[in-house]
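Please treat every number below as a calculation from the coordinates, not as lab data. Here the structure is a predicted model, which means the values were calculated and not measured. When we count neighbours, we look across all protein chains shown, and the Cβ atoms used for this are built from the backbone with ideal geometry, even at glycine.
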Amino acid sequence: MSQFTPRVFSGIKPSGDLTLGNYLGAIKRFVPLQKTHECIYCVVDMHAITVWQEPEDLHEATYEVAAAYLAAGVDPREHVIFVQSQVVQHVELAWIFNCVARMGWMQRMTQFKDKAGKNSQNVSLGLFAYPSLMAADILLYKATHVPVGEDQKQHLELTRDIAQKFNNDFARSIAARGYDPEVFPLPEPVITGPATKVLSLRDGTKKMSKSDASSMATIYMMDDADAIARKFKKAKSDPEPLPSEEKGLEGRPEAANLVGIYAALADTTPQAVLNQFGGQGFGAFKPALAELAVEQLGPIADEMRRYLADKATLDAILHDGAERARAIARTTMDQVKDVVGFVK
Ligand code: TRP
């Protein structure tokens with residue numbers, strides 16, 4: 001049995017407006033975990049600034065992510081919602097992890113390679129060090145479970161490598177000071193349900209993104225009913241009717257994406273959706289999908305708007321969350337600094 005209590009940590013960057021991808025891939029799945037785990041959900045603003053953010057936009061987007069957590073049903077009394085930059089220990093642990101992680105490990109990160117592209121000499125040093133800060137986010141709270149999308153699995157593996165190397169490198173010091181040999185747990189990814197990866201409505205080979213050039217490619221959590229209906233109606237599909245079996249979606253990425261979105265919204269499987277819609281064309285399926293999306297997202301968007309109109313309430317919730325996060329973070333850092341050999 002592990003000495004660690006099951007604890008969930010996850011974070012979303014306040015960079016641009018939240019999308020249906022953020023909702024289905026992350027926020028919606030954060031909610032049920034509250035029943036089984038102690039949960040800590042963070043607005044990772046220090047991750048956001050690894051690429052340029054207009055200060056006013058960053059400020060508003062930070063509140064938007066917090067409002068989305070709350071509107072979707074995260075309970076800030078039983079669990080913790082906070083803003084990363086308000087808990088200074090994240091940077092402290094990230095620096096120590098910069099000295100544990102190896103250059104070779106970081107250079108293998110595919111997300112960095114994708115984001116930097118040919119421009120790798122001109123991106124920020126922070127973008128390169130990003131996964132080390134992410135490891136610090138998780139391990140500061142000794143989290144055991146991390147709900148993330150597919151694209152973050154490699155970063156979570158790196159987090160495990162850092163935890164393991166820290167435990168090994170400092171094994172003698174850890175033992176000499178009488179701590180449990182595993183200072184850090186090796187956290188597990190939680191990847192559940194269909195449509196953990198929501199694709200662009202215009203191109204079934206690309207992820208649905210906050211920064212897509214076409215606004216028709218992306219459904220935003222705060223889109224109104226008209227916009228949602230219009231975007232699904234115009235979504236790229238194909239002339240064939242929907243198949244009755246999942247295998248029939250192979251080679252039809254746009255169709256598979258829309259069926260996956262429906263399944264995720266309805267908390268069911270793509271096969272169950274095909275049982276209902278197999279044989280029907282997109283002329284029938286798209287309006288049903290739009291209706292379901294409006295039914296689910298509408299009330300959440302309304303609730304988000306209520307929170308965003310009352311920043312004092314949001315601040316009070318976030319400050320309380322930061323205080324409770326800090327209490328855990330301080331305990332971890334006291335232990336880590338002691339183990340590393342820093343003078344008290
Ligand atoms: N890198 C994550 C993303 O882009 C965001 C993130 C930062 C995160 N720190 C985290 C996710 C810790 C889970 C746990 O989606």
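Of Lys28/Lys286; Lys153/Lys247; Lys35/Lys115; Lys118/Lys210; Lys210/Lys337, which ones are farther than 32 Å apart at the Cα? Show your work: numbers first, answer last.
Details: Lys28/Lys286 22 Å; Lys153/Lys247 26 Å; Lys35/Lys115 36 Å; Lys118/Lys210 22 Å; Lys210/Lys337 39 Å.
Distance filter (> 32 Å) returns Lys35/Lys115; Lys210/Lys337.
Which whole-number percentage describes the relative contact order of the chain, with Cα contacts under 8 Å and a sequence gap of 6 or more? Let's see the in-between values first.
Values: 520 pairs, mean separation 77.5, N = 344.
With pairs under 8 Å counted, the relative contact order is 23 percent.
Can you list which of the chymotrypsin sites (Phe, Trp or Tyr not before Pro) found in the stretch 179-279 are DSSP loop residues with at most 15 other C-beta atoms within 10 Å? Write out the running numbers ahead of the final one.
Details: sites: Tyr179, Tyr220, Phe232, Tyr262, Phe277; in loops: Tyr179.
For chymotrypsin sites (Phe, Trp or Tyr not before Pro) across the stretch 179-279 that sit outside H, G, I, E and B with at most 15 neighbouring Cβ atoms in 10 Å, the list reads Tyr179.
Could you work out how far helix 311-340 tilts from the main Cα principal axis of the chain, as a 0 to 90 degree angle to the nearest 10?
The angle comes out near 40 degrees.
Test of the criteria: in the stretch 77-150, which chymotrypsin sites (Phe, Trp or Tyr not before Pro) are in a DSSP loop and have at most 11 other Cβ atoms within 10 angstrom of their Cβ? Can you show the working numbers first?
On the way: sites: Phe82, Trp95, Phe97, Trp105, Phe112, Phe128, Tyr141; in loops: Tyr141.
Counting only loop positions with at most 11 other Cβ atoms within 10 Å, none of the chymotrypsin sites (Phe, Trp or Tyr not before Pro) in the stretch 77-150 qualifies.
Taking the chain as a Gaussian network, Cα atoms linked when under 10 Å apart, which of Glu250, Glu295, Glu64 shows the biggest mean-square fluctuation?
Looking only at Glu250, Glu295, Glu64, the biggest GNM fluctuation is shown by Glu250.
In degrees, nearest 10, range 0 to 90: what is the angle between the Cα axis of helix 89-98 and the longest Cα principal axis of the chain?
80 degrees
Based on the Kirkwood radius over alpha-carbon pairs, what value in µm²/s does the Stokes-Einstein equation return for the translational diffusion coefficient of the stretch 105-196 at 4 °C and 1.567 mPa s?
Result for D is 89 µm²/s.
If you keep only loop residues by DSSP, which chymotrypsin sites (Phe, Trp or Tyr not before Pro) in the stretch 1-66 have at most 13 other Cβ atoms within 10 Å of their Cβ?
Answer by residue number: Trp52.
Can you work out ³J(HN,Hα) from phi for every residue in the stretch 149-159, in order, using Karplus 6.51 cos²θ - 1.76 cosθ + 1.60 and θ = phi - 60°, giving whole Hz and x for Gly and Pro?
x, 3, 5, 9, 4, 5, 5, 6, 5, 4, 4
Give the calculated FRET efficiency between Ala309 and Phe342 to the nearest 0.05, with a Förster radius of 41 Å applied to their Cβ-Cβ distance. Don't skip to the end; give the middle numbers.
Values: r = 45 Å, r/R0 = 1.10.
With a Förster radius of 41 Å, E is 0.35.
List every residue whose amide H lies under 5 Å from the amide H of Tyr220, counting only residues 5 or more places away in sequence or on a different chain, with H placed 1.01 Å from N in the peptide plane.
Leu20
Stretch Met103-Lys197 to full length: gain in nm at 0.36 nm per residue minus the Cα-Cα span?
Details: separation 94, 0.36 × 94 = 33.84 nm, distance 2.92 nm.
The Met103-Lys197 span can extend by a further 30.9 nm.
May I have the extent of the alpha carbons of the stretch 225-305 along their three principal axes, as whole Å values ordered from largest to smallest?
For the stretch 225-305, the Cα spread along each principal axis is 41, 24, 18 Å.
Give me the Kirkwood hydrodynamic radius of the chain in Å, from all C-alpha pairs, to one decimal place? Don't jump to the answer; show the numbers that get you there.
On the way: mean 1/r = 0.0468 Å⁻¹.
For the chain, the Kirkwood estimate is 21.4 Å.
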